[in-house]
Amino acid sequence: MSHPVVAGLEIIGPLPPRYAEILTPEAGAFLAELVAKFGPRRLELLARRVARQAEIDAGKLPDFLPETAAVRAGDWQVPPPPPDLVDRRTEITGPVDRKMAINALNSGAQCWMADFEDANSPTWENVMEGQINMCDAARRTITYTSPEGKRYALKDKIATIVARPRGWHMEEKHVLLGGARVSASLFDWGLYFFHNAKELIARGSGPYFYLPKMESHLEARLWNDIFVHAQAALGIPRGTIRVTVLIETILGCIEAEEILYELREHASGLNCGRWDYMFSFVKKFRNRPEYLFPDRTLITMTVPFLRAYALHVINVCHRHGAYAMGGMAAQIPIKNNPEANAAALAKVRADKEREAGDGHDGTWVAHPGLVQTALEAFALHMKGPNNLHRFHDVKITAADLLAPLHGPITEGGVRWNLHVGVRYLEAWLGGSGAEPIHNLMEDLATSEISRSQLWQWLRYGAKLDDGRAITAALYDTLLADELQKIRAEYGDERFDSGHFKDAVGLFMRMSKSEQFDEFLSLPAYELLP
């Protein structure tokens, strides 16, 4: 069977008229050049990740790089932010779904992190419809009418769009160049930039991005080279692109200053991504039993290694004029239970006041109903548009960042990881990347930390706080209970017509396997249409 070919790109997925508006010959040629020019370096850097993992497995813990000491000691600055990125005190996150995009843009938040990554299940339909939605959002023509007839449209004042492409490890299986899948990062980023950069600039904004899951400054250097090339190709002034990097891996945190330096002509700041950061600890130190984590509900941002992480990001950013963005409030409003809702909002407020008090310049929320709470929390501790003047009189060492954390593992903690991990993955396989579960808006990072903890506990024969051994049989018994709870909540028809068989099979295989799988998203992606 032959497939459409656009500028040398073989399109495996369907190409209806509006998709063809995205994959035009001109856009295809731009994307094909990105893939041909920069794809080989991506593969080299992924191979470098494997080599660094081997070093850690051999006993070499990460440390600040001696060869980049001059960068860390240097008196360099990132450029001042463009007008619509001066105040970022509250950013709302979410997938590039049409209705959710409109609600996010209208939410009252300063920015919307438009997510092609962890909050988006990357079906071909979701990815391509997302590109269409972003084109319409950039032009302010995006509307939506629900099946019930409710119409959604943009207000006069909307949030600034900051788009997040998929990470370097992902590929787009529906588009091939020379018979090989193209980088999902370049696919998401390249098409968004090609279609929207000039439109956004003309409207007084610009092509702004979040960059996920980097593990070294060399990966940041690759992104910067892509930006330089792309701006020249489209005739856009160098430095127009602005990026914020998610520091959500331990190796990325060790090289946070160098990452910012590599991107300095395009940099806006760094962001703390808690769940993926914890996941990276389990992954990188999977052969070191001293990094056996307790229940993840006990791992708050006030524990020593996460406290060091937050202070390190703040100090690095403010030393160089960049914004230090706080983490996610995943809570969503609890309807029909005012007491529980008030308690949830109080928890959000306390967390956001901690971030603002520490000196973060902004924060994330996952639902429009939390925007006002976050705004009020920052108003108490940040009198201007940022906290760039705030520093901490502490020198964070690699030992501070790598400090192990110990604590109890409970049956409830095991159950929670099984329940949420499987339930989210089932939704993801069904095309939903942002899934409300027990009053929290979960994304892929939740399943990653859940299955990695289960793997770690089993790998080291950990015991529950009541003395019982953690075994594969225990997982099976507890999961059967949790699946019955989900079935009771969903009803038989919804449960049986879902993707639980695939979700349970993949999640439990990865939780029990002898070798640790780098990313849940890689085998899960092969199950998507």
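Protection proxy ranking, highest mean first, for peptides 315-321, 189-195, 379-385: 189-195, 315-321, 379-385, where packing is the per-residue count of other beta-carbon atoms within 10 Å, averaged. The charge dipole of the range 90-226, taken about its Cα centre with unit charges on the Cβ atoms of Lys, Arg (+1), Asp and Glu (-1) only, comes to about 480 debye. Collect residues whose amide H, placed 1.01 Å from N in the peptide plane, falls under 5 Å from the amide H of THR363; neighbours closer than 5 in sequence don't count. Distant-sequence amide H within range of THR363: THR90, GLU91, GLY326. Ordering ASN103, GLY39, PRO16 by the projection of their Cα atoms onto the charge dipole of the range 1-157, which places +1 on the Cβ of Lys and Arg and -1 on the Cβ of Asp and Glu, puts ASN103 at the extreme positive end.
By the equivalent-ellipsoid construction on the alpha carbon gyration tensor, the range 12-111 comes out with semi-axes of 35, 27, 17 Å, ordered largest to smallest. Residue ranges 137-147, 445-455, 276-286 sort as 445-455, 276-286, 137-147 when ordered by packing (mean number of other C-beta atoms within 10 Å per residue, highest first).
3J(HN,Hα) along the range 328-339, derived from phi through the Karplus expression 6.51 cos²θ - 1.76 cosθ + 1.60 where θ = phi - 60°, amounts to 8, 9, 8, 4, 10, x, 9, 6, 6, 8, x, 5 Hz, with x in place of Gly and Pro. Once the Kirkwood radius over Cα pairs is known for the chain, the Stokes-Einstein relation at 4 °C and 1.567 mPa s delivers a diffusion coefficient of 55 µm²/s.
Candidate cross-link partners of LYS335 among the lysines, defined by an alpha-carbon separation under 18 Å and a same-chain spacing of 8 or more, comprise LYS347.
For the range 409-525, the relative contact order comes to 35 percent (Cα pairs under 8 Å, sequence separation of at least 6). Listed cross-link partners LYS463/LYS485; LYS99/LYS198; LYS283/LYS485; LYS157/LYS383; LYS173/LYS213; LYS37/LYS60 are compared with a 28 Å cut-off, the Cα-Cα value being larger for LYS283/LYS485; LYS37/LYS60.
Compute the separation of the alpha-carbon centres of the range 457-529 and the range 150-193 and state it in Å as a whole number. First find each Cα centre; the distance between them is then 30 Å.
Summarising the amide proton neighbourhood of THR160: residues at separation of 5 or more, or on other chains, whose placed amide H is nearer than 5 Å comprise CYS111, TRP112. Here the contact order of the range 226-325, divided by its residue count and restricted to Cα pairs under 8 Å and six or more residues apart, works out to 29 percent. Each Lys or Arg adds one and each Asp or Glu takes one away; over the other residues whose Cβ falls under 9 Å from the Cβ of GLY326, this sums to -2. A simple rule links phi to the HN-Hα coupling: the Karplus curve 6.51 cos²θ - 1.76 cosθ + 1.60 with θ = phi - 60°, which for the range 411-418 gives 4, x, x, 5, 4, 4, 5, 5 Hz, with x for Gly and Pro.
Remark: the chain carries a charge dipole of roughly 640 debye about the Cα centre, counting +1 on each Lys and Arg Cβ and -1 on each Asp and Glu Cβ.
Per the Kirkwood formula on distinct C-alpha pairs, the Rh of the range 20-62 is how many angstrom?
12.7 Å
Ranked by how many other Cβ atoms sit within 10 Å of their own Cβ, fewest first, the residues MET325, MET301 fall in the order MET301, MET325. Close amide-amide hydrogen proximity is noted between TYR152 and TYR144, THR145, SER146, each under 5 Å apart and 5 or more residues distant or on a separate chain (H modeled in the peptide plane; Pro and chain starts excluded). Report the antiparallel proportion of the DSSP beta bridges in the chain as a percent, rounded to a multiple of 5. So the antiparallel bridges amount to about 35 percent of the total. Which of TRP416, ALA403, SER450 sits farthest toward the positive end of the charge dipole of the range 391-512, with +1 on the Cβ of Lys and Arg and -1 on the Cβ of Asp and Glu? Farthest towards the positive end: ALA403.
Across all C-alpha atoms in the range 211-270, the radius of gyration and Dmax reach 11.3, 37 Å. Net charge of the neighbourhood of HIS174, taken over other residues with C-beta under 12 Å away and scored Lys/Arg +1, Asp/Glu -1, is -2. Rounded to whole numbers, the Karplus 3J(HN,Hα) couplings from phi for the range 517-524 are 7, 4, 9, 5, 5, 5, x, 5 Hz, using 6.51 cos²θ - 1.76 cosθ + 1.60 with θ = phi - 60°, and x at Gly and Pro.
Normalising the average separation of contacting C-alpha pairs (under 8 angstrom, six or more residues apart) by the number of residues puts the relative contact order of the chain at 16 percent.
What would the Debye formula give as log10 I(q)/I(0) at q = 0.14, 0.17, 0.18 Å⁻¹ for the alpha-carbon point model of the range 146-293, no solvent? So the normalised log intensities work out to -0.79, -1.03, -1.10.
Could I get the Rg over Rh figure for the range 409-525? Both from C-alpha atoms, Rh via Kirkwood, rounded to two places. Over the Cα atoms of the range 409-525, Rg/Rh equals 0.95. Per-residue ellipticity at 222 nm, computed for the chain from helices alone with -39500 (n - 2.57) per DSSP H run of at least four residues, works out to -15500 deg cm²/dmol.
No value in this document is a laboratory result; all are computed from the given coordinates. This one's a predicted model, so the numbers in the text were calculated from it and none came from an experiment. Please note: Cβ atoms are built from the backbone with ideal geometry, for glycine as well, and neighbour counts cover all protein chains shown.
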